[in-house]
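J.: A single structure is presented below for examination.
The values are calculated or read from the model by the stated rules, or taken from the named source; none is laboratory data. The model shown is predicted, which means the values in this text are computed figures rather than measured ones. Note that we place each Cβ from the backbone using ideal geometry, even for glycine, and neighbour counts take in every protein chain shown. Just the protein is used for accessible areas: all its heavy atoms, side chains included, with ligands, DNA and RNA removed. Shrake-Rupley method; radii C 1.70, N 1.55, O 1.52, S 1.80 Å.
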Amino acid sequence: MNGTRVAVLGAGIVGAACARELALAGLEVTVVDRGGAASATTSHGEGNVLVSDKGPGPELELAQLSRKLWPQVLAAVAERSASAAHAVEWEPKGGIVVATTGAGADGLTRFAADQRAAGVRADVLDAKELAEAEPYVTREQTAALHYPEDAQVQPAGAAAALLGDALAAGATLRTGCEVLGAVTRGGRITGIRTSAGLLEADWFVNAAGPWSGELSARLGAPVDVRPRRGDVLVTTPLPPMVFHKVYDADYVGAVGSSAEDLQTSAVVESTRGGSVLIGSSRRRVGFDDRLRPEVLSAVAAKALHLFPTLAGVPVMRAYGGFRPYVPDHLPVIGADPRLDGLWHAGGHEGAGIGLSVGTGRLLRNLMLGEPTDMDATPFRVDRPAVLGESAHPENPEKEETA
């Protein structure tokens, strides 16, 4: 495939993972982003690498593939640059899910049983074991499970490491370069018009995260990927008090909800620098980037119920970001059936950090006709949720050439 030119549209962590895989496979890769590398959704994430929040099905399979790949990818990054690997802040610290009601305990128990059947390790913790694992968590718990496979990374550092590998393999990066439209010939995309001029390639990968829907419409092949906002609170550095990723049993329901109104649950974890990240919220408000005090208050209230000792702890900042939401809650990975040469890699919502390396590997396999580690059919572009009524062009800027 030497000489094949690929333009990856988006320099977030999913785009970086795709660029890395394709560049290492010997393709000529150009990464394009209208902002800076990892400057949007990726830099506003928590860094979750989770299997605990996914029920049996294709997303869990992709999470399991990604969890297997992350240590391998980071070992390869370390061979090139020890400092880049260190900046990823990989922490395979595991996750703990806590229920505080009878109904929550019943739901969590059933959910874990289904996960175990799909190969996920989920260990029951009794009250004593929970107190030993998390001394500061609420004692008003009705069930608790430990997921040792859960991990965490520093999102921007992870994206930079993946992109660094791609650049070392010969890829190029163009920032401040906005995609304006497509140039097509005979039903195939052959180039894109950008704010910096024409860029021609053999394949184009739409990895624009929450902006994938908008970008795909500009290219004349719209997909239904929408923004869904989440907000996070960050405390001042604290003495060690949260030792795993800890969240309440409501989190799984919030992740899987399609509701437009506010969904909140408690998600609490520490960072290597000592700050505690407190989430999470989900709401569909378009690209409205305003922080809402009522949302932050609801998030804080849920966290205090899970960790009462957080009361009075100073919060030094809050931030929010947009997650790429697809109505059926599955990523979009594969070739576009309407426009030859266009590929998609997105729609992971809040799981993009963790699923990025698996997505990059799967996309490379599909593009190069290689065997895949899992069935990619559920992520195909031509499914109703992706090509539904909401996926329609809004003034597509497509230029046909002879």
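J.: (1) under 12 Å from THR142 (Cβ atoms); (2) aliphatic (A, V, I, L, M); (3) surrounded by 15 or more Cβ atoms within 10 Å (Cβ to Cβ): which one isn't true of ALA103, the others all being true?
T.: ALA103 satisfies every listed condition except (3).
J.: Kindly list the number of the only condition in (1) in contact with an Asp or Glu (Cβ under 7 Å, 6 or more places away or on another chain); (2) farther than 23 Å from LEU262 by Cα; (3) crowded, with 21+ Cβ neighbours inside 10 Å that fails for SER356.
T.: (1)
J.: When the residues of segment 310-335 are filtered to those that are in a loop (DSSP other than H, G, I, E, B) and open to solvent by 10 Å² or more (accessible area, probe 1.4 Å), which remaining residue is nearest to PRO378 (Cα to Cα)? Can you show your working first?
T.: Taking segment 310-335 as the starting set, the residues that turn out to be in a loop (DSSP other than H, G, I, E, B) are 311-314, 326-331.
Subsequent filtering for residues that are open to solvent by 10 Å² or more (accessible area, probe 1.4 Å) retains 311-314, 327-330.
Numbers: ALA311: 44, GLY312: 46, VAL313: 44, PRO314: 44, PRO327: 14, ASP328: 10, HIS329: 11, LEU330: 8 Å.
Taking the candidates together, the pick is LEU330.
J.: Please determine whether any residue of segment 183-206 is at positive phi, in contact (Cβ under 8 Å) with a residue 60 or more places away in the chain, surrounded by fewer than 23 Cβ atoms within 10 Å (Cβ to Cβ) and not β-branched (Val, Ile, Thr).
T.: yes
J.: So which residues in segment 305-321 are among the aromatic types (Phe, Trp, Tyr) and at pLDDT below 95?
T.: Listed by number, the list holds a single entry, TYR319.
J.: Something else about it: Would you mind stating whether GLY26 is farther than 29 Å from VAL232 by Cα, part of a loop (DSSP other than H, G, I, E, B) and open to solvent by 30 Å² or more (accessible area, probe 1.4 Å)?
T.: So GLY26 does not fit the description; no.
J.: Now a separate question. Looking only at residues that are assigned to a loop (DSSP other than H, G, I, E, B) and not hydrophobic (A, V, I, L, M, F, W, C) in segment 217-227, which one is farthest from GLY358 (Cα to Cα)?
T.: The residue in question is GLY220.
J.: A follow-up question, please. Which condition number in (1) among the aliphatic types (A, V, I, L, M); (2) modelled with pLDDT under 95; (3) over 25 Å from LEU219 (Cα atoms) is the one that ILE353 fails?
T.: Tallying (1) among the aliphatic types (A, V, I, L, M); (2) modelled with pLDDT under 95; (3) over 25 Å from LEU219 (Cα atoms), ILE353 fails exactly one: (2).
Let's see how each residue does on (1) within 25 Å of the chain's Cα centre (by Cα); (2) among the charged types (D, E, K, R); (3) surrounded by 14 or more Cβ atoms within 10 Å (Cβ to Cβ):
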site: GLU59; (1), (2), (3): yes, yes, yes
site: SER66; (1), (2), (3): yes, no, yes
site: GLN72; (1), (2), (3): yes, no, no
site: VAL77; (1), (2), (3): yes, no, yes
site: THR109; (1), (2), (3): no, no, yes
site: LEU125; (1), (2), (3): no, no, yes
site: GLU134; (1), (2), (3): no, yes, yes
site: THR142; (1), (2), (3): no, no, yes
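J.: Further question on the same structure: I'd like the residue in segment 1-18 that is over 22 Å from GLU46 (Cα atoms) and within 23 Å of the chain's Cα centre (by Cα) and, out of all such residues, is surrounded by the most Cβ atoms within 10 Å (Cβ to Cβ).
T.: VAL8
J.: Among SER281, SER297, which is open to solvent by 30 Å² or more (accessible area, probe 1.4 Å) and of a type in the set (Ser, Thr, Tyr)?
T.: When all the criteria are applied, what remains is SER297.
J.: Follow-up. Would you check if THR175 is over 18 Å from the mean Cα position of the chain (by Cα), within 25 Å of GLY107 (Cβ to Cβ) and in contact (Cβ under 8 Å) with a residue 40 or more places away in the chain? Reasoning before the result, please.
T.: Values: over 18 Å from the mean Cα position of the chain (by Cα): yes; within 25 Å of GLY107 (Cβ to Cβ): no; in contact (Cβ under 8 Å) with a residue 40 or more places away in the chain: yes.
Spelling it out, it is not the case that THR175 is over 18 Å from the mean Cα position of the chain (by Cα), within 25 Å of GLY107 (Cβ to Cβ) and in contact (Cβ under 8 Å) with a residue 40 or more places away in the chain.
J.: Got at least one residue in segment 113-121 being touching a Ser or Thr at 6+ places or on another chain (Cβ under 9 Å) and touching a residue at least 24 places away in the same chain (Cβ under 8 Å)?
T.: The answer is yes, given that some residue of segment 113-121 is touching a Ser or Thr at 6+ places or on another chain (Cβ under 9 Å) and touching a residue at least 24 places away in the same chain (Cβ under 8 Å).
J.: Sort through ALA166, ALA156 and tell me the only one that's open to solvent by less than 60 Å² (accessible area, probe 1.4 Å), out of contact with any Lys or Arg (no Cβ under 7 Å at 6 or more places or on another chain), in contact (Cβ under 8 Å) with a residue 12 or more places away in the chain and closer than 25 Å to SER43 by Cα.
T.: Result of the check over ALA166, ALA156: ALA156.
J.: Can I ask one more? Name the pairs: first residue in segment 40-62 and under 15 Å from ALA117 (Cβ atoms), second residue of a type in the set (A, V, I, L, M, F, W, C) and in a helix (DSSP H, G or I), Cβ to Cβ under 8 Å, at least 6 apart or on different chains?
T.: Once the first residue is under 15 Å from ALA117 (Cβ atoms) and sits in segment 40-62, its partners that are of a type in the set (A, V, I, L, M, F, W, C) and in a helix (DSSP H, G or I) give VAL51/LEU60; VAL51/ALA63; LYS54/LEU60; LYS54/ALA63; LYS54/ALA351; GLY55/PHE111; GLY55/VAL252; PRO56/ALA117.
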